[in-house]
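Working notes, beginning with the structure itself.
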Amino acid sequence: MAVLDLRRKLAILSDAAKYDASCASSGATKRNSLDGKGVGSTEGMGICHAYAPDGRCISLLKILLTNFCIYDCAYCINRVSSNTPRARFTVKEVVDLTLNFYKRNYIEGLFLSSGVIRTGDYTMEEMVRVAKSLRLDHDFRGYIHLKLIPEASPELAAEAGLYADRVSINIELPRDDSLKTLAPEKDPTDIKRAMGRMRLAIDDHAEPARKAQRRTFARSQSTQLIVGADEARDGDILARSANLYGAYRLSRVYYSAFSPIPDASHRLPLVRPPLLREHRLYQADWLMRFYGFAQSEIVATGEDLDLSIDPKTGWALKNRAQFPVDVQTADRDTLLRVPGLGAKAVERVLAARRVTRLTLEDLKRVGAVLKRARAFVVTADWTPGALTDQESLKSALVRPQQLSLF
Amino acid sequence: MRVVRLTSEVDFAGWRSAARVLRTEGVEPHAVVWTVERDLFSPPPGDGVDGVDAPRSTSASQGEKAFTVPAAFLELAEQVILHRAADRFSLLYRILWRLEHTPHLIENPADPDMARARDMAKAVSRAAHKMKAFVRFRLIEGAAKETYAAWFEPAHRVTEATAPFFARRFSNMDWTILTPDACVAWDGERLMVSEGADPADAPSEDAQEELWRTYYASIFNPARLNPRQMRQEMPKRYWRNLPEAALIPALMEAAETRAAAMVRTPPRPPSDRVLKAAQRHARDASFGGGTPTTLEAVEAGVSVCRRCELWRDATQGVPGAGPSNSPLMFVGEQPGDQEDLAGSPFVGPAGQLFDRALAEAGVPRERVYVTNAVKHFKHEARGKRRLHKTPAQGEVNACRWWLDAERRLVRPRVIVMLGATAAFSVMGQPTRVAEARGQILPLPDQAQGLVTFHPAYLLRLPDPAARLTAYLTFVEDLRRAGELSGLA
C-alpha cells in the first residue's frame with residue numbers, strides 16, 4: 001500500500017468524519033494557560049472558528065483516527081463493504097495537527113472518532129493515547145471530545161473521561177430494530193450500557209466532595225440520530241430523544257439528515273438529505289428541553305411533524321382555546337408556549353412588564369416575532385379578537401420561503 | 001452648545017467624567033456635541049460654543065455633586081462605547097440624563113433608547129466573539145522564540161477589550177494582533193497596546209494554511225449546501241482575512257454536481273479483502289432460547305430478553321446478584337434509575353435503605369441473593385428525570401421465566417417478597433401486602449415465603465412517625481427471615 005502524505009490522510013479522514021453533526025465546544029470546565037506550559041483555554045461558551053458552505057460550524061478539528069472499520073453499518077461511508085479510500089493517522093500526527101491548528105487559532109480543540117479496528121478495546125486505547133499525550137505531554141488545555149466505542153471496556157471509557165471534556169456514543173438509528181438490520185454488529189444494549197456507566201461516572205465526579213479534589217472529568221455526553229435512513233417517524237425519534245435525555249442526562253441529541261454518501265449501500269435511499277425535517281426536529285427538541293413541552297404534546301409516537309410550520313405554532317393552532325394570552329399577566333410557563341416568543345424574549349417581557357404596560361411595539365423591541373405572536377397575544381394596545389380562531393390563520397402563518405429549503 | 005472632546009474613540013473614562021460634569025450642571029442632551037480629538041491641529045470649536053475638555057481622572061473632582069447610577073448602566077455603557085456608530089456617546093448621555101427622572105429605565109428592555117443601546121452592546125459583543133473566532137495567526141519564520149502575528153479587521157473597536165482572551169489562551173507564545181484601530185501584543189507576561197497598523201506589517205502566509213484549507217474543503221458536505229446560513233454566521237466582511245474563505249466560491253459551484261453524482265452512481269460490490277476481514281470478526285450468535293442452566297446463562301439471557309417491551313426504553317436487563325447457593329433470596333419489584341444505569345440490583349436509595357435494615361437485623365449482606373420480579377426498569381421520561389412506573393401483570397408474567405430460573409438454580413430455603421409486585425410474581429396471584437405481611441407461607445418448591453414492605457415504600461411515607469414504625473417492622477421481618485434461613 002502506498003504511503004499517503006499527511007495532506008491526503010487529512011483529506012480522507014476529515015471527509016470520513018463529516019457525517020457526525022456534533023460540533024459543540026461549550027460546557028467545559030473554565031481554564032486557561034496562564035499557569036501552564038502549553039496552550040489552550042475554555043471559557044464556557046463555545047467558539048465557531050469558521051463556517052463551511054453547508055452552513056455548519058467548524059469549531060473542532062473533527063477527524064477519525066482511522067476509517068478502516070470491521071463493521072458494516074449500511075448508512076456509514078466507512079463500513080467495511082464500502083470502497084472508500086482508507087487511511088490511518090499515527091497518534092503523533094493527530095497530536096501535532098491539533099497543536100499546530102490550535103496555535104494559529106483555527107480551532108477550539110479536537111473531536112476524535114474512529115472506525116473500529118481489530119477490537120473495540122484496541123481502537124479505544126489508541127484514541128485515549130492521543131488525548132493523554134495532548135493533556136500530559138503538551139499540557140494542552142483546549143477542548144477534547146472523544147467518541148466512545150461502546151464495546152470497549154468500562155476502564156478505557158473511564159480513562160477517556162479523564163482527558164476529554166465531552167464524550168459521545170452515537171446511537172444513529174432511532175429504532176433498535178432498524179439498528180439490527182442496518183448495523184448488524186452494533187448492539188443497542190451495549191450502547192445504552194456504556195451511556196449508563198458514563199452518566200454514573202459524570203454524576204460521581206460532579207459531586208461536591210469529588211469536585212474539591214480537583215480531578216477533572218468529562219462534563220457531558222451527547223449522541224446522534226440519523227434522520228431518514230430508516231422508517232422511524234418523527235414521533236419515534238423524539239420519543240427516543242426524550243428517553244435518552246431522561247436516562248443519561250445527555251447535553252445534546254444531534255439529528256443528522258441522512259445524506260447521500262459516495263459509494264453508498266444499495267439498502268438505503270439515495271435522495272437529497274431531508275434538511276427541513278432535521279430543522280423541525282431540532283425545533284421540537286428545543287421545545288422539550290427549554291419550553292416545557294412533553295414529546296406527546298408535540299407529535300404522537302408513530303406520527304410525523306408538520307413540515308410546513310414550526311412545531312410550537314403547530315401546537316398553538318391545535319390548542320387555540322388556550323389563547324390569546326395576556327402578556328402583562330401570564331406566567332412564564334404560559335408565555336413560553338406563545339408562538340413567536342423565544343426564551344430570551346419571555347425573560348425580557350417579565351422584566352419590562354414590571355415597569356411598563358407592554359404594547360405590540362414593545363413586544364417587537366424585546367425580540368418577539370410579531371407575525372407569529374400577534375394572533376395569540378393580548379397587549380395594552382392590541383387584542384386579536386376573532387383572529388385567533390380564524391380558519392385561514394394557519395395558511396397566513398406558513399412562511400413560503402421555508403418551503404424552499406429541502 | 002457644549003462640545004466634548006474625547007481623547008480616543010474608546011475613551012470610556014473621558015466620556016464618563018464629562019457626562020458626570022454635564023449632568024451635574026444640568027446640560028440637556030440635545031445641547032451637547034461629542035467629538036474625538038483626532039490630532040493636535042483639529043479645528044477649535046466655533047463661536048458661541050463652550051468646550052468641555054474631558055477631565056482625565058475618573059473620580060469626581062471637587063465641587064461636583066455626586067450621583068449614582070445602576071451598575072447595569074455602566075456595564076452597558078462600557079460595551080456600547082466600542083460600537084462604531086457616531087451617535088453612541090450622545091445615546092449614552094441621553095440614557096444617563098433620563099435615568100435621573102426615570103430610575104427604572106434600565107430595567108425596561110422595551111424602551112426605544114434601551115433597545116437601541118442593547119442592540120449596540122449586542123453587536124459589540126458579537127464583534128468581540130467573532131474576533132476570538134476569526135483571528136488567524138501566522139508563524140513568523142526565523143524568530144528565535146515561537147512568535148505569531150495576525151492581521152484582523154474587527155467590526156467594532158473591540159481589539160483592546162478582547163486581547164486578554166488571547167493572553168489567557170496563548171499564554172506561552174509571543175503574539176501580536178494588528179488591526180486598523182489598534183495593535184495588541186503579548187510577550188508571555190504583559191499585554192502591550194499600540195497605534196493601528198497596516199496589513200503589510202503582518203506575515204502574508206503560513207505553511208499550515210494548506211492543511212487547514214484541505215480540512216475546510218473536506219469537512220464540507222456538498223449535499224447540504226446552505227450558503228445563506230454560512231454568510232449569516234461568517235459575514236463576507238471577514239473573508240479577506242480568512243485563508244480558507246478563498247475556497248468558498250469553487251466549493252459552492254461544484255457542490256450541486258458532486259451531490260448529484262453521489263446520488264447517480266450505483267453502488268459497487270464490496271471488495272473480497274474487506275469482506276473476508278469482516279467474516280473473521282463476525283460476532284458469536286446471541287444467546288439462544290433454551291432454559292438457562294447456570295446463573296451466567298440467566299445473566300446473558302436477561303441482557304437480550306425480548307419477552308416484553310420494557311427492554312426498549314431501559315438501558316439493560318438487571319439480573320440478580322449474590323451467592324449461587326444462598327439460603328435466603330430477596331425479590332424486589334424492578335430496577336430503578338441507578339440500578340438501570342449500573343446493571344446491578346439494589347444499589348439506589350432503596351437498596352441503601354435495604355442494606356441498612358439488613359445490617360440492623362444481623363443478616364450478612366454478602367450471603368444473601370437479591371433479585372427483582374421484573375428485570376428491566378419501567379419508567380416515564382419527564383425532562384431530565386425518569387419517573388418509576390409500576391410494571392403491569394403481563395410484564396411480571398413475562399419476566400417470571402427468569403425469576404423461576406433463579407429460584408431453581410439458587411434453591412433458597414427462604415424467599416422474602418418485597419412488596420406486592422414481588423408477591424404476585426413469586427406466588428402467581430395478586431396479594432395485598434397489608435394482609436399477607438409477616439406470615440410464613442409455604443411455597444410449592446419447598447421454600448418458605450415471607451411478604452414484607454418494599455424499601456422504596458418506606459422512603460415514600462411522608463409521616464416520620466409512621467415511617468419509623470414501618471421501618472422497625474421491616475427490620476423485624478428481615479431478622480425473622482434471617483433466622484428461618486439460618487443466616488442470623
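Evaluate region A:26-36: report whether one residue or more is surrounded by fewer than 19 Cβ atoms within 10 Å (Cβ to Cβ), within 20 Å of B:Ser171 (Cα to Cα) and touching a helix residue (DSSP H, G or I) at 6+ places or on another chain (Cβ under 8 Å).
yes
For every residue, the table says whether it meets (1) within 20 Å of A:Ala201 (Cα to Cα); (2) touching a strand residue (DSSP E or B) at 6+ places or on another chain (Cβ under 8 Å); (3) of a type in the set (Asp, Glu).
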position: A:Phe101; (1), (2), (3): no, yes, no
position: A:Gly109; (1), (2), (3): no, yes, no
position: A:Leu136; (1), (2), (3): no, no, no
position: A:Gly161; (1), (2), (3): yes, yes, no
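Please tell me if B:Leu251 is within 7 Å of chain A (Cβ to nearest Cβ) and surrounded by fewer than 21 Cβ atoms within 10 Å (Cβ to Cβ).
Spelling it out, B:Leu251 is indeed within 7 Å of chain A (Cβ to nearest Cβ) and surrounded by fewer than 21 Cβ atoms within 10 Å (Cβ to Cβ).
Quick one: count up the residues across region A:19-50 that are β-branched (Val, Ile, Thr) and either over 16 Å from A:Ile107 (Cβ atoms) or free of Cβ contacts under 8 Å to residues at least 24 places away in the same chain (or both).
Selection size over region A:19-50: 1.
Among the residues of region A:278-299, write down those that are among the small types (Gly, Ala, Ser) and either in contact with a Ser or Thr (Cβ under 8 Å, 6 or more places away or on another chain) or at pLDDT below 95 (or both).
Listed by number, the residues that qualify are A:Gly292, A:Ala294, A:Ser296.
Exactly one of these conditions fails for B:Pro464: (1) surrounded by 13 or more Cβ atoms within 10 Å (Cβ to Cβ); (2) within 40 Å of the chain's Cα centre (by Cα). Give me its number.
(1)
I'd like the full set of residues that are facing chain B (nearest Cβ under 10 Å), crowded, with 18+ Cβ neighbours inside 10 Å and under 15 Å from A:Asp54 (Cα atoms), limited to region A:262-290.
A:Pro273, A:Leu275, A:Glu278
Among the candidates B:Arg126, B:Arg138, single out the residue that is surrounded by 17 or more Cβ atoms within 10 Å (Cβ to Cβ) and either at pLDDT 95 or above or within 14 Å of chain A (Cβ to nearest Cβ) (or both).
One residue alone meets the criteria, B:Arg138.
Identify all residues within region A:111-124 that are part of a loop (DSSP other than H, G, I, E, B) and within 22 Å of the chain's Cα centre (by Cα); write none if there are none.
Result: A:Ser114, A:Gly115.
Being at pLDDT 90 or above and either closer than 30 Å to B:Val263 by Cα or β-branched (Val, Ile, Thr) (or both) is true for just one of A:Asp236, A:Asp230. Which residue is that?
A:Asp236
Which of (1) touching a Lys or Arg at 6+ places or on another chain (Cβ under 7 Å); (2) more than 7 Å from every other protein chain (Cβ to nearest Cβ); (3) crowded, with 20+ Cβ neighbours inside 10 Å does B:Asn221 not meet, given it meets every other one?
So the condition that B:Asn221 fails would be (2).
Residues checked against (1) touching a Gly at 6+ places or on another chain (Cβ under 9 Å); (2) under 23 Å from A:Phe101 (Cβ atoms); (3) within 11 Å of chain A (Cβ to nearest Cβ):
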residue: B:Tyr148; (1), (2), (3): no, yes, yes
residue: B:His156; (1), (2), (3): no, no, no
residue: B:Met173; (1), (2), (3): yes, yes, yes
residue: B:Gly196; (1), (2), (3): no, no, no
residue: B:Ser204; (1), (2), (3): no, yes, no
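Select, from B:Ala143, B:Ala155, the only residue that is at pLDDT below 95 and surrounded by fewer than 20 Cβ atoms within 10 Å (Cβ to Cβ).
Exactly one of B:Ala143, B:Ala155 is at pLDDT below 95 and surrounded by fewer than 20 Cβ atoms within 10 Å (Cβ to Cβ), namely B:Ala143.
Taking B:Ser125, is it within 25 Å of B:Asp11 (Cβ to Cβ), over 34 Å from the mean Cα position of the chain (by Cα) and of a type in the set (Ser, Thr, Tyr)?
Considered against the rule, which asks whether it is within 25 Å of B:Asp11 (Cβ to Cβ), over 34 Å from the mean Cα position of the chain (by Cα) and of a type in the set (Ser, Thr, Tyr), B:Ser125 comes out as no.
Could you tell me whether region B:195-214 includes any residue that is more than 34 Å from the chain's Cα centre (by Cα), of a type in the set (S, T, N, Q) and surrounded by fewer than 18 Cβ atoms within 10 Å (Cβ to Cβ)?
Yes, because at least one residue in region B:195-214 is more than 34 Å from the chain's Cα centre (by Cα), of a type in the set (S, T, N, Q) and surrounded by fewer than 18 Cβ atoms within 10 Å (Cβ to Cβ).
Kindly evaluate B:Arg307 against the criterion of being part of a loop (DSSP other than H, G, I, E, B) and in contact (Cβ under 8 Å) with a residue 40 or more places away in the chain.
Taking the combined requirement at face value, the residue satisfies it.
Which one is nearest to B:Lys122 (Cα to Cα) among residues in region B:158-171 that are small (Gly, Ala, Ser) and within 14 Å of chain A (Cβ to nearest Cβ)?
Looking at the filtered set, the residue picked out is B:Ala163.
Check B:Val318 against each of (1) of a type in the set (A, V, I, L, M); (2) surrounded by fewer than 24 Cβ atoms within 10 Å (Cβ to Cβ); (3) part of a loop (DSSP other than H, G, I, E, B) and name the one condition it does not meet.
B:Val318 satisfies all of (1) of a type in the set (A, V, I, L, M); (2) surrounded by fewer than 24 Cβ atoms within 10 Å (Cβ to Cβ); (3) part of a loop (DSSP other than H, G, I, E, B) except (2).
Scan A:Gly27, A:Gly40, A:Gly44 and give me the residue that is in contact with a Gly (Cβ under 9 Å, 6 or more places away or on another chain), among the small types (Gly, Ala, Ser), more than 10 Å from every other protein chain (Cβ to nearest Cβ) and farther than 28 Å from A:Lys186 by Cβ.
Checking each option against the conditions leaves just A:Gly44.
Could you identify the single residue in B:Gln338, B:Gln352 that is surrounded by fewer than 24 Cβ atoms within 10 Å (Cβ to Cβ), more than 10 Å from chain A (Cβ to nearest Cβ) and assigned to a helix (DSSP H, G or I)?
Testing whether each residue is surrounded by fewer than 24 Cβ atoms within 10 Å (Cβ to Cβ), more than 10 Å from chain A (Cβ to nearest Cβ) and assigned to a helix (DSSP H, G or I) leaves just B:Gln352.
I need every pair where a residue in region B:203-221 that is more than 29 Å from B:Ala260 (Cβ to Cβ) has its Cβ under 8 Å from the Cβ of a residue that is among the β-branched types (Val, Ile, Thr), sequence separation at least 6 or different chains.
From residues that are more than 29 Å from B:Ala260 (Cβ to Cβ), the pairs are B:Pro203/B:Ile140.
Sort out which residues of region B:224-240 are among the basic types (Lys, Arg) and buried (at least 17 other Cβ atoms within 10 Å of the Cβ), and write them in order of number.
Matches in region B:224-240: B:Arg224 only.
Scan B:Pro270, B:Pro266, B:Pro243 and give me the residue that is modelled with pLDDT of 70 or more and surrounded by 11 or more Cβ atoms within 10 Å (Cβ to Cβ).
B:Pro243
The values are calculated or read from the model by the stated rules, or taken from the named source; none is laboratory data. This structure is a prediction, so every number in the text was calculated from the model and none was measured. Note: ideal-geometry Cβ built from the backbone for every residue, glycine included; neighbour counts use all protein chains shown.
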